[in-house]
Amino acid sequence: MNGVGLVLGSAIGPEHIATSARNAERVGFSELWLAEDFFFTGGIGGAAVALAATDQIRVGLGVVSAVVRHPALLAMEIATLARAFPGRFIPGIGLGVPGWIAQMGLLPSSPLAAVRDCVGSVRRLLDGDTVTEPGKVFRFDQVGLAYPQLERIPLHMGVIGPKMLQLSGAVADGSILSVGAGVEYVRWAQQRIGEGRVKAGRSGDHRLTVFAIYSVSDDRARAVQAARETLAFYKAAGGPNTLTEVAGITEDLRDMLSRGGAEVVAAEMPEQWVDDLTIAGTPAEVVDKIRRFRDAGADSVALFPTPGHQAAEIIDLTSKAVLPRL
């Protein structure tokens, strides 16, 4: 296994998921991840399409929000896919982009408590427990799954801030780091995850997956421009946060956003942001960048192809000029 995954969904229309998934399996990606960015392609539905279209490759949900679906419904969906495709489904749970969650009126007063309660409840339900909890965030009254997991399903958490990272280390089996994470952030995040694991007395493996905006072309300028536009979209959506603090770009980003949205960020961001926070460039350059993330501690680097309408072309070039070198 080469430790290189492919992220589908969001920028890729639902009608293209099956073909892209089959192509990814054929050319040798280690795993697929279905993003659930609101309001693009559904993550659970997309994962089901990808699993049904392939034979062996593992498919991850990266990530579904802890607050948009009740944990009982989320556990039911996870158990359904895990039982239908044994050993191939990797569920990931996180808060989601706060701005998008707020658009639906679902932003909790304590995101940490909401994610903690969701992951804990999902774990118990998958384990076959019947849950009754008055809960401040989620209420359960004699809830149990008719079809819980047949074998233990590792739960991953999509996390950004220090307390969320520590929580993931304490209660999850793996962590998923968001697009826009740089190599320094990966190292920093590993330390926070480790703190949570130590405090909780956890041992064994904790798998670290890094999502990365990805654009590769023999024309370097073309690849960098595509990555720039996508990075600007996510930085505008996410705003200043721990990712930008560790990268040292919070104040510059805040200034750009005070004067506009993604268009201003795309026009004004230094090229160093693209170099540090995406995997973009020629095949040789992206191979080097993937290796840097691995050296920083990533078990898997999941590539988010951009622009989405060129995903087939990007996958083809990656299979010929990138994956063989990894």
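Would you confirm whether any residue within the stretch 121-136 is open to solvent by 20 Å² or more (accessible area, probe 1.4 Å), touching a residue at least 60 places away in the same chain (Cβ under 8 Å) and under 24 Å from the mean Cα position of the chain (by Cα)? Within the stretch 121-136, not a single residue is open to solvent by 20 Å² or more (accessible area, probe 1.4 Å), touching a residue at least 60 places away in the same chain (Cβ under 8 Å) and under 24 Å from the mean Cα position of the chain (by Cα).
Residue by residue, here is whether (1) free of Cβ contacts under 8 Å to residues at least 40 places away in the same chain; (2) more than 21 Å from Ser300 (Cβ to Cβ) holds:
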site: Val67; (1), (2): no, yes
site: His70; (1), (2): no, yes
site: Pro91; (1), (2): no, no
site: Gly94; (1), (2): no, no
site: Gly99; (1), (2): no, yes
site: Ser110; (1), (2): yes, yes
site: Cys118; (1), (2): no, yes
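Of all residues in the stretch 294-326, those being in a strand (DSSP E or B) and not polar (S, T, N, Q) number 5.
Under the condition of being within 20 Å of the chain's Cα centre (by Cα) and either at pLDDT 95 or above or open to solvent by 70 Å² or more (accessible area, probe 1.4 Å) (or both), the residues counted in the stretch 96-109 number 1. Can you find a residue in the stretch 62-82 that is within 28 Å of Leu112 (Cβ to Cβ) and touching a His at 6+ places or on another chain (Cβ under 7 Å)? The answer is no, given that none of the residues of the stretch 62-82 is within 28 Å of Leu112 (Cβ to Cβ) and touching a His at 6+ places or on another chain (Cβ under 7 Å). Considering the stretch 220-241, and only residues there that are free of Cβ contacts under 8 Å to residues at least 24 places away in the same chain and closer than 26 Å to Ser319 by Cβ, the residue that is most open to solvent (accessible area, probe 1.4 Å) turns out to be Arg222.
Scanning the stretch 37-65 for residues that are in contact (Cβ under 8 Å) with a residue 40 or more places away in the chain and open to solvent by 50 Å² or more (accessible area, probe 1.4 Å) yields a single hit, Phe39.
Residue count for the stretch 276-310, restricted to those that are farther than 19 Å from Arg220 by Cβ, out of contact with any Lys or Arg (no Cβ under 6 Å at 6 or more places or on another chain) and open to solvent by less than 50 Å² (accessible area, probe 1.4 Å): 7. The set of residues in the stretch 162-180 that are open to solvent by less than 20 Å² (accessible area, probe 1.4 Å) and either modelled with pLDDT under 95 or polar (S, T, N, Q) (or both) comprises Ser168, Ser175, Val179, Gly180.
The values are calculated or read from the model by the stated rules, or taken from the named source; none is laboratory data. Computed from a predicted model, the values in this text were never measured in an experiment. In this analysis, Cβ positions are derived from the backbone assuming ideal geometry, glycine residues included, and neighbour counts consider all displayed protein chains. Areas reflect the complete protein model, heavy atoms only, side chains present, ligands, DNA and RNA absent. Shrake-Rupley method; radii C 1.70, N 1.55, O 1.52, S 1.80 Å.
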